[in-house]
1. Would you call G50 assigned to a loop (DSSP other than H, G, I, E, B) and farther than 22 Å from A331 by Cβ?
2. Restricting to the stretch 290-309, what's the tally of residues that are closer than 24 Å to A238 by Cα and crowded, with 19+ Cβ neighbours inside 10 Å?
3. Just the residues that are over 12 Å from R196 (Cβ atoms) and in contact with a Lys or Arg (Cβ under 7 Å, 6 or more places away or on another chain), please, taken from the stretch 169-182.
4. Can you name the helices (runs of 4 or more DSSP H) wholly within the stretch 167-255 that have at least 3 residues being among the charged types (D, E, K, R), closer than 16 Å to A120 by Cβ and in contact with a Cys (Cβ under 6 Å, 6 or more places away or on another chain)?
5. Tell me, please, whether a residue that is crowded, with 18+ Cβ neighbours inside 10 Å, under 13 Å from A169 (Cα atoms), modelled with pLDDT of 95 or more and touching a strand residue (DSSP E or B) at 6+ places or on another chain (Cβ under 7 Å) can be found in the stretch 194-205.
6. Would you be able to tell me the number of residues in the stretch 305-339 that are closer than 25 Å to R390 by Cα and among the charged types (D, E, K, R)?
7. Which residues, taken from the stretch 1-34, are assigned to a loop (DSSP other than H, G, I, E, B), in contact with a strand residue (DSSP E or B) (Cβ under 7 Å, 6 or more places away or on another chain) and either small (G, A, S) or touching a residue at least 60 places away in the same chain (Cβ under 8 Å) (or both)?
8. Of all residues in the stretch 322-365, how many are farther than 23 Å from L43 by Cα, among the basic types (K, R) and either in contact with a helix residue (DSSP H, G or I) (Cβ under 7 Å, 6 or more places away or on another chain) or at pLDDT below 65 (or both)?
Amino acid sequence: MNTLDTPLTLPNGQVLANRLLKSALSEALGNKHNAPDERLGRLYSTWSRGSYGLMITGNVMIDREQLGEPGNIVIEDERDLDALSRWAKSAQNSDGVIWAQLNHPGRQANPFALGHTPVAPSPIPAQLPGATTPRELRPAEIEEIIERFATAAAVCETAGFNGVQVHGAHGYLISQFLSPLANRREDDWGGDPERRMRFVLEVVRRVRGRVGPGFAVGIKLNSADFQRGGFTEDESQAVLAALADEGIDLIEVSGGTYESMAMSGSAAPSTRAREAYFLEYARTVRKLVGDIPLAVTGGFRTRDAMRRAVEAGECDVVGIGRPAITTPDAARLILEGQTEALTARQVRYGMRTLLGKIADLKTLDGVMDMSWHTDQIHRLGNGLHPDLNRGSVAATIAMIRRNGRTSFRTKRGGS
């Protein structure tokens, strides 16, 4: 029987020391050239002492013209190889394993960047405040983006990362190709579920073919989009069955988009009480993916729930998101039995009756929660401890300074 501290050998032979994952959290700590600096080194050096079996970075974009938010790291070539190598090494101070999460925002790109036009499978805007209509990608551009994913993965391998995770969830470009709401194409890249899944399969194939066998390739995929007419569980299962033959080393199950935030800390109290939001779905796909390990992220808070999920074989790896920000050594505390539950801070706006008359409170709360946690990530990157007493006003001011007019667009990946 596997336990939380049982090592896990991935299909490519890479070994994770235990079953706890620091899941992707968008750091937004790139410098003005979208390169990592000493802040990311401090942040991951701190997390590397937290005993996580695997750490996955936040959004690493593959095109500097298409950013999800200010401060994203971008890998297009080897121009920042030295800085990337220092970042990777910082996470391996305690023999940690670090993967870079590769992503393209598609229609969720920052719409206010000068000279920028979002691109997507089809010219359909996201159902978000202020969303703009993206330009439909031409077939040649789709091929170029696939190549960008592969190039970024090869650079990550050269830089010393242990693997990459392809981000196929949360409404970003790969997720857009999979969704019938966002992908209305009738060519080889859309029109039915088989053609809509072609993009993600080609990305994984190209990445796997560009890196060595000892370099891990994982994917984060939605169980569903939780939108009427969107990507369904049946379609997700079909994608996972197809991916099982493509050299995947770890599948992380998540769900939702920034239009329907099933993966967010703003989930309903009844959902949070269930802890693992997507564990039931993971049980249903066990046979489909064969021996490929499954990670489940979203909602885990108690040591008992994590232990039971792994011991029962419902998942192989437990992802820890927001609690890893306020408790950077969360995995060590769980593994050593020093805590029975992780604390997840949820920050909401006040004056709720008034705000509820002029805006959607769930959206506002989601934005505030992410901004507050981003503030804490930036404190860790600056060598400071988390400030658990930081209020919503301070978080709002910091959010506006970071993002300007994009502040109230929910663009952050991960968790």
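1. Numbers: assigned to a loop (DSSP other than H, G, I, E, B): yes; farther than 22 Å from A331 by Cβ: no.
No; evaluated as a whole, the condition is false for this residue.
2. 8
3. Once the filter is applied, which keeps residues that are over 12 Å from R196 (Cβ atoms) and in contact with a Lys or Arg (Cβ under 7 Å, 6 or more places away or on another chain), the stretch 169-182 yields only A169.
4. By residue number, no helices (runs of 4 or more DSSP H) qualify.
5. Among the residues of the stretch 194-205, at least one is crowded, with 18+ Cβ neighbours inside 10 Å, under 13 Å from A169 (Cα atoms), modelled with pLDDT of 95 or more and touching a strand residue (DSSP E or B) at 6+ places or on another chain (Cβ under 7 Å), which makes the answer yes.
6. Result for the stretch 305-339: 2.
7. Within the stretch 1-34, the first condition is being assigned to a loop (DSSP other than H, G, I, E, B), and the residues that meet it are 1-7, 10-14, 17-19, 23-24, 26-34.
Narrowing further to those that are in contact with a strand residue (DSSP E or B) (Cβ under 7 Å, 6 or more places away or on another chain): 4, 7, 10, 12, 14, 19, 23-24, 26-27, 30, 34.
Of everything in the stretch 1-34, those that are assigned to a loop (DSSP other than H, G, I, E, B), in contact with a strand residue (DSSP E or B) (Cβ under 7 Å, 6 or more places away or on another chain) and either small (G, A, S) or touching a residue at least 60 places away in the same chain (Cβ under 8 Å) (or both) turn out to be L4, L10, N12, Q14, R19, S23, A24, S26, E27, G30.
8. Looking only at that region, the number is 3.
The values are calculated or read from the model by the stated rules, or taken from the named source; none is laboratory data. Values in this document were obtained by computation on a predicted structure and should not be read as measured data. Methodologically, a virtual Cβ is constructed for each residue, glycine included, from the backbone with ideal geometry; neighbour enumeration extends over all protein chains shown.
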